[in-house]
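The values are calculated or read from the model by the stated rules, or taken from the named source; none is laboratory data. Computed from a predicted structure; not experimentally measured. Here the Cβ positions follow ideal geometry from the backbone for every residue, glycine too, while neighbour counts run over all protein chains shown. Accessible surface areas use protein heavy atoms only, side chains included; no ligands, DNA or RNA. Shrake-Rupley method; radii C 1.70, N 1.55, O 1.52, S 1.80 Å.
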Amino acid sequence: MSETFPDQARVVIIGGGAIGCATAYHLAKHGCRDVVVVEKAKLTSGSTWHAAGAYAQVRSDPNAGRLMAYGGALYAALEAETGQATGWRQNGGMRVATNKARRREYERAITTARSFGVEMELLTPREAQALFPLMTVDRVDCALYVPSDGGFGPSDLCLALAKGARMYGARLVEDTPVTGFAIERGAVAAVRTARGEIRCEVAVICCGIWSREIGRLAGVNIPLQPSHHCYLITEPIAGVSRDMPTVRDPDLWHYIREEVGGLIVGQYEPDPIPFLGAIPRDHDFKLMPENLDHFTPRMAALLDWIPALKTAGIKSWFNGLEAFTEDQNPVMGEAPEVRNIFVSAGFNAYGVSGCGGAGMAIGEWILNGEPPYDLWSFDIRRFGAYHRSDKQVLARSLEGQGHHYRIVWPFEEMQAGRPLRRSAIYERLAAQRACFGAKFGWERPNWFAPVGTEPRESESFERPSWHRHVAAEHAACRDAVAIFDQSSFAKFALLGADAERLLQRLCAADIAKPPGRISYTQMLNRHGGIECDLTVARIAEEHYYIVTGTGFATHDFEHIRRHIPDDAHASLIDITSAYGTLAVMGPRARQCLSRICEGDLDAEAFPFGAVREIYLGGAPVRAMRLSFVGELGWELHVPSEYMVTVYDAIKAAGAEFGLRDAGYRALDSLRLEKGYRVWAADIGPDYTPLEAGLGFALAFDKGVDFIGRDALLRQRDQPLTKRLVSFAVADDPALQLHGRETILRDGERVGWITSGGFGHTVGRGIGMGYVRRVDGVTEAYLRSGTYELEVATRRVPAELHLRPLYDPDNSRVRG
C-alpha cells in the first residue's frame with residue numbers, strides 16, 4: 001500500500017479476477033503499458049478462486065471456438081513465460097450419452113467441430129471406460145471425446161496472468177473499491193474509487209458477479225444474473241490419476257475432474273438458485289451455505305455411475321456465486337450508453353477457461369477499435385432496453401443456466417419472460433392458431449396450425465412436426481399470396497440536412513437517390529467486412545427511413561449513431577414501436593391489395609424499389625416494394641394504431657385469392673431458395689460483399705469514399721479466398737440442413753453451411769456456405785469439384801449452385 005496511488009491511466013480495468021488480469025496482460029504485452037487494474041479486495045477473491053478449472057474448447061460458434069483455442073495455447077505457454085505455475089494439463093474432455101437423442105446431439109457436434117478443424121471423436125462405452133476406469137458403462141450409449149480439452153488451477157492461472165501484466169508494465173492495485181465514474185460529453189473521463197479518482201481514456205468492467213451493479217454507476221446495462229453453483233471435492237480415491245479426462249454426464253447434470261488424487265463433482269442443475277438483491281461488497285473469498293437439499297437429489301444415479309463415490313470422503317464443499325446470461329454467452333464490447341466503457345463479464349457458462357481469449361479480444365477491441373474477428377454472439381449490443389428489467393434478466397438467465405446440460409434441439413424456443421413485446425395484431429394471430437417464437441423480446445409467429453392441430457412444437461432431431469404446415473404456407477406464397485407479420489423489424493428515422501452525407505459515407509450503395517426510392521445496402525468496417533445489412537428508404541430530402549433485422553436493433557442503431565459527428569445536422573430516432581409491418585407476398589399480392597388500395601399498384605406506377613405513402617382500407621400506410629421471399633410483394637409499414645384495421649382489410653380482400661397467414665419458418669425456407677443472406681449467419685464483419693456475392697450493391701463510382709471502399713478495391717484485384725454459394729442435398733429428399741454441416745470438395749473440408757433448412761419448392765434440404773481456399777476460389781474451381789455435406793457424421797452427396805435455386809433471373813420479384 002506504500003506505492004503512490006495512480007491518478008491517471010490510459011486504461012482502468014475494474015476487477016482483479018481472471019478476466020481483468022487477462023485483459024491487463026494482453027493490453028500491456030501489446031504495448032499499452034499505461035494500464036491500472038483496481039480490485040476492491042484481493043486478486044481472485046470474487047468468483048475466480050472457487051472456479052472448478054475445467055477447459056473445454058469446442059463451441060457452436062466458430063469464433064467462440066477460436067477464442068477458446070487461443071486460450072488453450074496461452075495457458076500451455078504461460079508458466080514458461082512468467083515463471084508462475086498454472087496447473088495446466090491437456091488431459092482431454094469426455095461427455096457420455098445415455099440415450100439416442102444425446103448420441104445424435106454428439107454426432108452433430110462432431111460435424112460442427114470438423115467444420116472448424118477441431119479434433120473430436122465418438123467412443124464406444126468400453127473405449128470411454130478405458131480413459132475413465134471409475135465409471136460403469138451399463139447405461140452408456142457412447143461418449144464424445146475431445147483430446148485438446150484440459151484443466152488448470154484457476155487462482156494459479158489468474159496470478160500468472162497478473163504477474164505477466166506486471167512484467168509488461170501494468171499496475172495492479174488491491175483493496176480499492178470503485179464508487180462511481182465521471183462521464184463527460186458522453187464518454188468516460190475517470191473512475192472514482194474509495195482512494196481517489198483515476199482519470200482515464202478507457203474503463204473496462206470485469207467485475208464478474210458485481211458487473212451489473214458497477215455498470216449501473218455509469219448508466220451502463222449489463223444483463224447478467226448471479227446465482228449459486230455448487231461442487232464438492234472428495235478425499236483421495238484409489239484409481240484416480242492426473243491424466244484422467246474431465247468427464248460430464250449431462251443427463252445426470254454432473255461434471256467430474258481429478259483434483260489432488262480425488263474428484264471434483266459438480267452440477268449444472270436444471271433448477272438453479274439465484275442470488276437476489278445486492279451482493280455484499282465484502283463477499284470476498286466467501287461461499288454461500290451448503291445446500292444439500294438442492295444438491296443431493298441428483299446424487300443417487302451419479303453414485304451408480306461412479307460407484308467409488310459411495311465410499312469416498314468429502315474434503316470440502318463449494319457453493320459459490322457465479323454470473324450467467326440468458327444465452328449462456330458472456331457480455332463483451334463497448335457499452336452503447338457510454339463511449340469508451342468496455343465490458344467483459346458473465347463468463348460462468350465458460351468458466352475461467354474463457355479468460356485468455358476474452359483478454360486478447362477486449363485488448364484488441366480497445367487498441368484497434370474493433371475485435372479481432374466477429375464476436376456478435378458475445379456482443380453487448382445483442383441486448384435491448386427490456387434487459388434493464390431485473391425481473392426479465394432473472395427469469396431469462398435462470399432458464400439459460402438451467403439449459404446448460406440440456407440437449408440442444410433444433411428450433412428450440414426459450415420460454416422465460418414471455419410474452420413481452422407483442423405486435424398490435426398478436427391476438428388476431430393467436431386466434432389463427434399461431435405458434436409463436438421469440439426474438440429480441442418480440443412474440444413472432446413461426447407457423448400456423450390448421451384446425452385440429454395444437455400450435456406446439458416437439459423436440460426432435462428428425463423432420464419437425466410442423467414441416468407440412470410450413471410447406472403449405474410456403475406454397476401459398478409461391479402460388480397465391482401470403483401475409484407475414486414482421487412488426488418486430490427495427491426501424492429508424494434519420495433526419496437533417498446532413499443525413500445524405502452521413503449515409504453516403506456509411507453505406508456501400510448509393511443512397512443519394514430521389515425521394516420515393518429504396519436502397520438495399522451494407523455498412524462496412526475498414527476491412528470491407530459487413531457491419532450492417534439493411535434497407536434505406538428516402539422519404540424526403542432530409543428524411544430517411546431505415547429498416548433492419550429484429551435482433552440487430554441496438555447494434556445497428558449504435559453503429560450509425562457513433563458515426564454522426566457532433567457538429568452534424570442529423571438526428572437518429574428509433575421508431576420501431578411506432579410502426580407495425582405486414583409483408584404481403586406472392587403472385588396475387590397486387591390483386592389482393594388493389595381491392596382495398598386508394599392508388600395504383602401496377603408495375604409502372606409502383607416499380608420495384610419504390611416507397612409510397614398510400615391508403616389501405618382507409619388507413620395511412622408506408623408501402624415499400626421489395627421482397628425477402630422471391631415473389632412480387634410489398635412491405636407495409638403501418639402506424640401501430642391502424643394495424644388491426646389494415647390486417648382485417650387485407651384478410652377480407654385476400655380470401656378470394658387464397659391469402660394465407662405465414663410465419664418465420666416459411667419465410668426462412670423461401671429466402672434460402674432465393675439465396676437471400678441473413679446478417680450474423682451468412683454475412684457479417686468477417687465477410688465482404690464481394691465474398692458474399694453482394695457486389696451488385698456496391699457503388700464504387702458514387703464519388704464518395706465510403707468506409708471499406710479501399711479494402712474492397714484491393715480485394716477486387718485479387719483472387720477471393722472464400723465465396724458464398726448455395727447447396728442442395730442430392731439424393732435424400734427427407735434430409736433437412738440446420739447449419740454448421742461440413743462442406744467437402746473432392747473429399748476435402750473446404751467450409752461449412754452458414755444457414756440451412758428445407759426448400760419446399762425444390763423439395764430438398766438446402767443451405768448456403770462459404771467455400772474456402774487460400775490460393776483463391778474461382779468459378780472454374782467451384783464448378784470443377786464434386787461436393788458432399790457431412791450431416792451428423794454422415795456424408796451425403798450435394799449439388800453446388802452459383803445462382804439462386806429458385807427464379808435465378810428475378811422475374812417473379814419484379815413482375
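Since R95 meets every condition but one in (1) open to solvent by 30 Å² or more (accessible area, probe 1.4 Å); (2) farther than 17 Å from A54 by Cα, which condition does it not meet?
All conditions pass for R95, except number (2).
In this structure, does S487 turn out to be over 30 Å from G708 (Cβ atoms), touching a residue at least 24 places away in the same chain (Cβ under 8 Å), buried (at least 22 other Cβ atoms within 10 Å of the Cβ) and among the hydroxyl-bearing types (S, T, Y)? Give the derivation first.
Values: over 30 Å from G708 (Cβ atoms): yes; touching a residue at least 24 places away in the same chain (Cβ under 8 Å): yes; buried (at least 22 other Cβ atoms within 10 Å of the Cβ): yes; among the hydroxyl-bearing types (S, T, Y): yes.
So S487 passes the test.
May I ask you to verify whether I560 is open to solvent by less than 50 Å² (accessible area, probe 1.4 Å) and closer than 23 Å to L698 by Cβ? Outline the logic, then answer.
Values: open to solvent by less than 50 Å² (accessible area, probe 1.4 Å): yes; closer than 23 Å to L698 by Cβ: yes.
For I560, the condition - open to solvent by less than 50 Å² (accessible area, probe 1.4 Å) and closer than 23 Å to L698 by Cβ - is met.
Please list, ordered by first then second residue, the pairs with beta carbon atoms under 8 Å, 6 or more apart or interchain, first in the range 572-594 and modelled with pLDDT of 95 or more and part of a loop (DSSP other than H, G, I, E, B), second open to solvent by 50 Å² or more (accessible area, probe 1.4 Å) and not polar (S, T, N, Q).
G586/D479; P587/D479; P587/R812
Looking at R59, R95, R103, can you tell me which residue is in contact with a strand residue (DSSP E or B) (Cβ under 7 Å, 6 or more places away or on another chain), basic (K, R) and not in a helix (DSSP H, G or I)? Steps first, please.
Values: R59 fails: in contact with a strand residue (DSSP E or B) (Cβ under 7 Å, 6 or more places away or on another chain); R103 fails: not in a helix (DSSP H, G or I).
It is R95.
Going residue by residue through the range 427-440, is there one that turns out to be under 16 Å from the mean Cα position of the chain (by Cα), of a type in the set (S, T, N, Q) and either at pLDDT 95 or above or closer than 30 Å to T98 by Cβ (or both)? Can you show your working first?
Step one: filter the range 427-440 for residues under 16 Å from the mean Cα position of the chain (by Cα), giving 438-440.
Narrowing further to those that are of a type in the set (S, T, N, Q): none.
No, the range 427-440 has no match at all.
Can you run down the residue pairs with Cβ atoms below 9 Å, 6 or more apart or on separate chains, where the first is in the range 16-35 and open to solvent by less than 10 Å² (accessible area, probe 1.4 Å) and the partner is of a type in the set (K, R) and at pLDDT below 95?
Qualifying pairs under 9 Å: L27/R33.
As an exercise: evaluate A189 against (1) in contact (Cβ under 8 Å) with a residue 60 or more places away in the chain; (2) part of a strand (DSSP E or B) and give the number of the one condition it does not meet.
Condition not satisfied by A189: (1).
Just checking, how many residues over the range 690-720 are part of a loop (DSSP other than H, G, I, E, B), within 22 Å of R501 (Cβ to Cβ) and touching a residue at least 60 places away in the same chain (Cβ under 8 Å)? Break it down stepwise before answering.
Taking the range 690-720 and keeping what is part of a loop (DSSP other than H, G, I, E, B), we get 690-694, 698-708, 717-720.
Filter again for within 22 Å of R501 (Cβ to Cβ), leaving 698-708.
Subsequent filtering for residues that are touching a residue at least 60 places away in the same chain (Cβ under 8 Å) retains 698-699, 702, 704-708.
Going through the range 690-720 one residue at a time, the tally reaches 8.
Among E443, E412, which is among the charged types (D, E, K, R), touching a strand residue (DSSP E or B) at 6+ places or on another chain (Cβ under 8 Å), modelled with pLDDT of 95 or more and closer than 30 Å to N329 by Cα?
Working: E412 fails: touching a strand residue (DSSP E or B) at 6+ places or on another chain (Cβ under 8 Å).
Within the list E443, E412, the selection yields E443.
Answer with yes or no whether R396 is open to solvent by less than 30 Å² (accessible area, probe 1.4 Å), in contact (Cβ under 8 Å) with a residue 40 or more places away in the chain and either under 25 Å from E459 (Cα atoms) or out of contact with any Lys or Arg (no Cβ under 6 Å at 6 or more places or on another chain) (or both). Step through it out loud before you land on a result.
Working: open to solvent by less than 30 Å² (accessible area, probe 1.4 Å): yes; in contact (Cβ under 8 Å) with a residue 40 or more places away in the chain: yes; either under 25 Å from E459 (Cα atoms) or out of contact with any Lys or Arg (no Cβ under 6 Å at 6 or more places or on another chain) (or both): yes.
Yes, satisfied.
Tell me which of these V729 doesn't satisfy, since it passes every other one: (1) in contact (Cβ under 8 Å) with a residue 24 or more places away in the chain; (2) under 30 Å from H527 (Cα atoms).
If we test V729 against (1) in contact (Cβ under 8 Å) with a residue 24 or more places away in the chain; (2) under 30 Å from H527 (Cα atoms), just (2) comes out false.
Which of the residues that make up the range 456-477 are acidic (D, E), open to solvent by 20 Å² or more (accessible area, probe 1.4 Å) and in contact (Cβ under 8 Å) with a residue 24 or more places away in the chain?
So the first thing to find is which residues in the range 456-477 are acidic (D, E), and the list is 457, 459, 462, 473.
If we keep only those that are open to solvent by 20 Å² or more (accessible area, probe 1.4 Å) too, we end up with 457, 459, 462.
E457, E459 - these are the residues of the range 456-477 that are acidic (D, E), open to solvent by 20 Å² or more (accessible area, probe 1.4 Å) and in contact (Cβ under 8 Å) with a residue 24 or more places away in the chain.
To keep it simple, each residue is scored yes or no on (1) in contact with an Asp or Glu (Cβ under 6 Å, 6 or more places away or on another chain); (2) assigned to a loop (DSSP other than H, G, I, E, B); (3) in contact (Cβ under 8 Å) with a residue 60 or more places away in the chain.
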{"residue": "A416", "(1), (2), (3)": "yes, yes, yes"}
{"residue": "P419", "(1), (2), (3)": "yes, yes, no"}
{"residue": "G437", "(1), (2), (3)": "yes, no, yes"}
{"residue": "V451", "(1), (2), (3)": "no, yes, no"}
{"residue": "E454", "(1), (2), (3)": "no, yes, no"}
